[in-house]
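The values are calculated or read from the model by the stated rules, or taken from the named source; none is laboratory data. Given the structure is predicted, the values throughout are model-derived calculations rather than measurements. Here Cβ is always computed from backbone atoms with ideal geometry, including for glycine, and neighbour counts include all displayed protein chains. Note: areas computed on protein heavy atoms with side chains; ligands, DNA, RNA excluded. Shrake-Rupley method; radii C 1.70, N 1.55, O 1.52, S 1.80 Å.
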Amino acid sequence: MPKSNNNIIPDDLITTINDFKKTMDGKMINIHGKEYATVAHRIAVVRRNFGAKLQILTEIISIDDKTVVMKASGIIGDKVV
């Protein structure tokens with residue numbers, strides 16, 4: 001059976017993780033004393049490594065006059081990653 005263009009292979013994930021680690025410098029923000037990579041940086045690294053294979057779905061979980069809670073899911077093929 002031919003390999004689907006949307007399949008994740010372990011090397012794709014390893015390459016993406018290594019790329020992320022190499023490019024973290026200056027892309028971190030401090031939130032309540034912990035360092036986090038910005039969403040823009042995380043998405044840039046994943047797009048650079050997976051391109052159009054990755055589908056990002058967003059949904060509003062709740063919304064009121066002070067707060068919006070969102071959920072984002074990354075999907076490659078039929079797998080949530």
- [ ] Report the residue count in segment 5-41 for those that are among the hydrophobic types (A, V, I, L, M, F, W, C), surrounded by fewer than 11 Cβ atoms within 10 Å (Cβ to Cβ) and part of a loop (DSSP other than H, G, I, E, B).
- [x] 1
Task: Residue satisfying all of: in segment 55-69; open to solvent by 80 Å² or more (accessible area, probe 1.4 Å) and part of a loop (DSSP other than H, G, I, E, B); farthest from Val81 (Cα to Cα) among these - done: Asp65
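Quick check: is even one residue across segment 42-50 without any contact (Cβ under 8 Å) to a residue 12 or more places away in the chain and not in a strand (DSSP E or B)?
yes
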- [ ] Could you grab the pairs with beta carbons closer than 8 Å, sequence gap of 6+ or different chains, first residue in segment 55-79 and under 18 Å from Ile43 (Cβ atoms) and touching a residue at least 60 places away in the same chain (Cβ under 8 Å), second one open to solvent by less than 100 Å² (accessible area, probe 1.4 Å) and assigned to a strand (DSSP E or B)?
- [x] Ile76/Leu54; Ile76/Gln55
Task: Residue check, Ala52 small (Gly, Ala, Ser), open to solvent by 60 Å² or more (accessible area, probe 1.4 Å) and closer than 16 Å to Leu13 by Cα - done: yes
- [ ] Taking Ile75 as meeting all but one of (1) open to solvent by 70 Å² or more (accessible area, probe 1.4 Å); (2) out of contact with any Lys or Arg (no Cβ under 7 Å at 6 or more places or on another chain); (3) β-branched (Val, Ile, Thr), write down the number of the exception.
- [x] (1)
